[in-house]
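Asks: To start, I am sharing the structure in question, which I have written as structure tokens.
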Amino acid sequence: MGDTFEQAHLRDSFIKEELQKIKIEGINADEVYVSEIIKKAPKKGKILDIGTGTAHIPIKIAKLNRDLEIVATDLSEASAKIARENSSAFERIHILRADGHHLLLETVLLTKLS
């Protein structure tokens, strides 16, 4: 996805301001999604988020589990740049501009998390 910085910023603003208001049958789907990830993730370890957008999911995960390392990728350079800005307070979140279809997982994990 080759979006512009303006498009990526609009998406980021929507996620931060509007997504929390969206409920499905009274349930915040975003919170349920994050809680399921936390339940299924190892207590300590690494997880990979492909198509992270502006990194709101990795940030929520990092706030709830301080022992996880998170590698988050996005194809869009604009989204990856905003994701880096958004996650800059979290040393355990590593943002990469990468194509999830052609990701060399072993290389990413060994290079970024060693």
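Asks: Whose amide H sits under 5 Å from the amide H of residue 69, counting only residues 5 or more places off or on another chain, with H placed in the peptide plane?
Replies: The answer is 45, 46, 47.
Asks: Where in the chain lies the longest segment free of trypsin sites (Lys or Arg not before Pro) that are both loop residues by DSSP (not H, G, I, E, B) and have at most 10 other Cβ atoms within 10 Å? All intermediate terms of the calculation are to be shown ahead of the outcome.
Replies: Working: sites that count: 43, 44, 66.
Maximal segment without exposed cleavage sites: 67-114.
Asks: Just to be sure I understand the model, the point goes 7 Å from the Cα along the line to the Cβ. What's the resulting residue 35 to residue 21 distance in nm?
Replies: For residue 35 paired with residue 21, the spin-label model returns 2.3 nm.
Asks: Zone of residue 46 (label point 7 Å along Cα→Cβ, backbone N under 18 Å): which residues in segment 63-85?
Replies: 66-74, by backbone N distance to the label point.
Asks: What's the whole-number percent of alpha carbon pairs in the chain lying beyond 20 angstrom?
Replies: On the way: 2739 of 6441 pairs.
Beyond 20 Å sits 43 percent of the P(r) for the chain.
Asks: Assuming R0 = 22 Å, what is the FRET efficiency of residue 5 and residue 97, from their Cβ-Cβ distance, to the nearest 0.05? It would help to have the intermediate numbers written out before the result.
Replies: On the way: r = 13 Å, r/R0 = 0.61.
The formula returns an efficiency of 0.95 here.
Since every read-out is calculated from the coordinates, none of them should be taken as a lab result. On a predicted model such as this, the values are computed, not experimentally measured, just so you know. Please note: Cβ atoms are built from the backbone with ideal geometry, for glycine as well, and neighbour counts cover all protein chains shown.
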